[in-house]
Amino acid sequence: MNLPQVVQYCFAGITVGSIYAIVAIGFNIIYNATGIINFAQGEFLIVGAMLAISFNHFVPLPVAIFLAVVLTTIIGGLVEIVFIRQVRNPSVLRLIVITIGISILMREAMLHIWDEKVRSLPYFTGTGVSTVTILGAHISPQVLWVLGVSAVIVMGLTPFFRFTLTGRAMRACADDRMAARLCGINDRWMVTLSFMLSAGIGALAGCVISPITQTQYDMGASLAIKGFTVAILGGLGNSMAAVAAGLMLGLVEAFVMSQFDVAYKEAVSIVILLLVLVFRPSGLFGKREIAAMRTL
Amino acid sequence: MVKQLAKVVEVLIVALALCVSVVAKAADAQAIRVGAIFAVTGGAANLGGPEAKTAEMLVEKINKEGGINGQKIELIVKDSGGKKENAVSLAKQLIEEDKVLAIIGPSTSGETMAIKNICQENKTILLSCAAAEDIVNPVASYVFKTPQKDSDAVRRIFQVMKAKGIKRIGVITSNDGFGMAGGKQLANLANLAGITIAISEAYDTQDTDLTGVLTKVKGQDVNAVVNWSIVPAQSMVAKNMKQIGLDVPLFQSHGYGNIKYVQAGGEAANGTIFPCGRLLIAEQLPDNNPQKKLLVEYKKDYESRYKEDVSTFGGHAYDALLILVEGIKKARSTDKEKVREAIENIKGLVGTAGIFNFTPQDHNGLGMDAFEMLTVKDGKFVIYKN
């Protein structure tokens, strides 16, 4: 393999990895506030992209994306108020099963609203054929958009959870809801807020990846599975780790693809996930003590 | 007294209602029951959607014109979601509960193969709308299919490659029934055509980007790429090839026959070459083409009714119904065995995919001439000329 080829494989890995990463971020927000995994996260992505595609017929792209993000944020809040808040005895397992139900409901609703056809947003910069050439290899500018948007989200989220009162209150809810409530935190509002935030970020992610992956009503589930895998790989709750793990997984898959049959790449990523779960249950970048505390 | 009278009236009403329902049932029994299994939702919804719409439209038209031999058709459409296990249980339901004469569909090759034996064992005619050759090879006496043969699509592609002087190709397929069957045909026929397949890879249908696999293909110095899959990979391939600078001709399967894929591919789709039935370029055909009248009419009916572009997949359902109706007309009966025999002897039936000539050995009935080579020019399909 010559250099441009190696670089090209890396770019292929980064392209896929950036998609995994941006999907994974959304999982972490709700996890940070509630300790549950929201399996409807993939559907938030698709709803966001679908809305933006529809709005883009009438308004310019940035406005369409903005409207889609706002609307999906509201949908996220409504989903929480209508489904999650009503649960009398909110055990983690029960809530997770409810999110699976929500994902199915949203998928079917999208099928009825938008039908089964494949759509996509236009490329943000250039067209489907324009590329940036680095070291003799080519990469679509859209991938840079995905990476850039992921970076902005992570840079916004990390300080939000660490330093702002709201962010810390959200994390407190996940750690011990009763204790958080005793400290005067409005735990219900925090959970709603986390759903809104992750729905909004999901919608933004859906819009940014739409030119690359295209958008179809039932694509949410498969995107979510990869995003979930990456979130666990990196260590749940840590958005920066999710991005690192996403890019890593993408690169590993590209490397496997370059040496073996393409079919093996899925197997390899699952094996990596199993190994991490067995030997480092807190994820590659997670702290052991935190994981131990969470399982209490 | 009044109470008694009320009771009598009540009994009479119930009896009358029963009579009406029996009569209604009897009238219903006169209709010819035809089942349909389409992937209206799910991953293959782009096939099943137009198929179901077409079948409903055509049945309505046939019934409006008085039915077949005076009998109306009752179409029972079931949605398989593109899943094999659903297709199996729906087929059993249609055969055992609805007692249909024939089943149209399923939309995909995998589903069809899953119910091929069920239909054969229960002596129910199956007119599949899926492409794979395994459906009619080996022949099962009750199983037919309407799309053109994979192998003929491959032969047509190789013809064009020869004319263009292409010797070394890369093949990428999706890892589903359609992609695998196509990959097999390409491998089988390449030697005969004097073409070397330098690399053959199968990717996951859920893959969100194909630059990785295409980088691998690029490393093999190929003169052309063949992609065998359905959406959304079909439009992704063209974009990804241009993105990594793999500037060789792209050939696609006959599954590319939907202008939506071209639109999704954007300007990258220009120049893609693929074999296809003549439906998409009906207006461009010369007036003496035997298929033109039927194609233009179907296209107009479909597009005005459903406000969406016609695709070849709907055409496969059109042909399946057309063949069944012709079989029933020829057999002058709705006896399964007689209709089956009549279908086997249909000759020169003009359909959307081509002109059908069935024999007991050939349950597809289409030749290589059913394919026209098309290409994409300025976002539109046009006939490919060397």
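The values are calculated or read from the model by the stated rules, or taken from the named source; none is laboratory data. These figures come from a predicted structure and were not determined experimentally. Cβ placement follows ideal geometry from the backbone for every residue including glycine, while neighbour counts extend to all protein chains displayed. Surface accessibility is based on the protein's heavy atoms, side chains included, excluding ligands, DNA and RNA. Shrake-Rupley method; radii C 1.70, N 1.55, O 1.52, S 1.80 Å.
A few notes on this one:
- Bridges between two residues of the protein assembly as shown, per DSSP, are antiparallel at a rate of about 30%.
- With the biggest extent put first, the Cα atoms of the protein assembly as shown measure 97, 82, 48 Å across the principal axes.
- For chain B, built as a Gaussian network whose Cα springs stay under 10 Å, the top-fluctuating residue of B:PRO147, B:PRO286, B:PRO360: B:PRO286
- Euclidean distance between Cα centres, region A:1-77 to region B:308-386, Å: 43
- Charged side chains reduced to their Cβ positions (Lys and Arg at +1, Asp and Glu at -1) give region B:151-276 a dipole of some 440 debye around its Cα centre.
- Based on Cα contacts under 8 Å between residues 6+ apart, region B:151-276 shows a relative contact order of 26 percent.
- For the listed peptides B:242-248, B:254-260, a ranking on the average number of other beta carbons within 10 Å per residue, highest first, reads B:254-260, B:242-248.
- Counting only Cβ charges, +1 for Lys and Arg and -1 for Asp and Glu, the dipole size of chain A around its Cα centre is about 800 debye.
- Adding -39500 (n - 2.57) for every DSSP H run of four residues or longer, then dividing by how many residues the protein assembly as shown holds, sets the calculated 222 nm ellipticity at -19000 deg cm²/dmol.
- Shape of region B:151-276, Cα gyration tensor, a/c cut at 1.5: rounded
- Each peptide in B:189-198, A:141-150, A:128-137, A:243-252 receives the mean, over its residues, of other Cβ atoms within 10 Å, and ordering these scores from highest gives A:243-252, A:141-150, A:128-137, B:189-198.
- Taking other residues whose beta carbon is less than 11 angstrom from the beta carbon of B:GLN185, and scoring Lys, Arg as +1 and Asp, Glu as -1, yields -1.
- Cα shape, chain B, gyration tensor, a/c 1.5 rule: prolate
- Size of the A/B contact, given as accessible area buried on both chains, probe 1.4 Å, in Å²: 2800
- Choice from A:GLN86, A:GLN41, A:GLN214 showing the highest fluctuation, given a GNM over chain A with Cα pairs closer than 10 Å: A:GLN86
- B:GLU60 versus B:GLU341: modelled label distance in nm, points set 7 Å from Cα along the beta carbon direction: 3.7
- Note on region B:204-342: Rg/Rh from C-alpha atoms, Kirkwood Rh, equals 1.11.
- Helix A:220-234 axis versus longest C-alpha principal axis of chain A: approximately 80°, rounded to the nearest ten.
- Accessible solvent surface per residue of region B:244-386, calculated while the other protein chains remain in place, 1.4 angstrom probe, Å²: 40
- Ranking A:LEU105, A:LEU165 by solvent-accessible area of protein heavy atoms (1.4 Å probe, all protein chains present), from largest to smallest, gives A:LEU165, A:LEU105.
- For region B:260-280, a decrease in accessible area of 20 Å² or greater in the assembled protein chains relative to the isolated chain, with a 1.4 Å probe, applies to B:LYS260, B:ALA264, B:GLU267.
- Region A:1-61 - percent of accessible surface contributed by carbon and sulfur, probe 1.4 Å: 71
- Average beta-carbon neighbours from other chains, 10 Å sphere, peptide A:10-18: 4
- Candidates A:SER198, A:VAL208, A:ASN238 compared by Cα position along the dipole of region A:172-259: farthest toward the positive end lies A:SER198, with charges placed on Cβ.
- Among the chymotrypsin sites (Phe, Trp or Tyr not before Pro) found in region A:16-110, those both in a DSSP coil and sparsely packed, with 10 or fewer other Cβ atoms within 10 Å of their Cβ, are A:PHE58.
- Accessible surface of region B:151-276, 1.4 Å probe, proportion on carbon and sulfur as whole %: 45
- Descending principal axes extents, chain A, alpha-carbon based, whole Å: 61, 50, 33
- Probe 1.4 Å - accessible area at A:HIS57, Å² to nearest ten: 140
- Alpha carbon convex hull of region A:137-296, projected area averaged over orientations, nm²: 11.2
- GNM top mover of B:SER151, B:SER333, B:SER109 - chain B, alpha-carbon springs below 10 Å: B:SER333
- Spin-label model, A:ALA109/B:GLN93: points 7 Å from Cα along the beta carbon direction are separated by 2.6 nm.
- Among the listed pairs B:LYS72/B:LYS330; B:LYS99/B:LYS336; B:LYS123/B:LYS347; B:LYS239/B:LYS377; B:LYS72/B:LYS99, those whose Cα-Cα separation exceeds 18 Å are B:LYS123/B:LYS347.
- Alpha carbon centroid spacing (whole Å) that separates region B:30-89 from region B:123-192: 25
- Legend: calculated FRET efficiency, A:ILE100 to A:VAL278, from the Cβ-Cβ distance at R0 = 25 Å, rounded to 0.05, equals 0.50.
- When you restrict to C-alpha pairs under 8 Å that are six or more residues apart and normalise by the size of region B:23-136, the relative contact order lands at 30 percent.
- Relative contact order (%) - criterion: Cα under 8 Å, at least six apart; region: chain B: 16
- Size of electric dipole in the protein assembly as shown: Cβ of Lys, Arg +1 and of Asp, Glu -1, about Cα centre, debye, nearest 20: 640
- Legend: residues in region A:101-147 shielded by at least 10 square angstrom of accessible surface upon adding the remaining protein chains to the isolated chain (1.4 Å probe, heavy atoms) are A:LEU111, A:GLU116, A:LYS117, A:VAL118, A:SER120, A:TYR123, A:THR127, A:GLY128, A:VAL129, A:THR131, A:HIS138, A:SER140.
- Sparse-neighbourhood loop sites, trypsin sites (Lys or Arg not before Pro) in region A:57-123 - DSSP loop, at most 11 other Cβ within 10 angstrom: A:ARG88
- Based on protein heavy atoms only, chain A ends up with 44 Å² per residue of surface accessible to a 1.4 Å probe.
- For B:217-225, mean number of other protein chain Cβ atoms within 10 Å: 1
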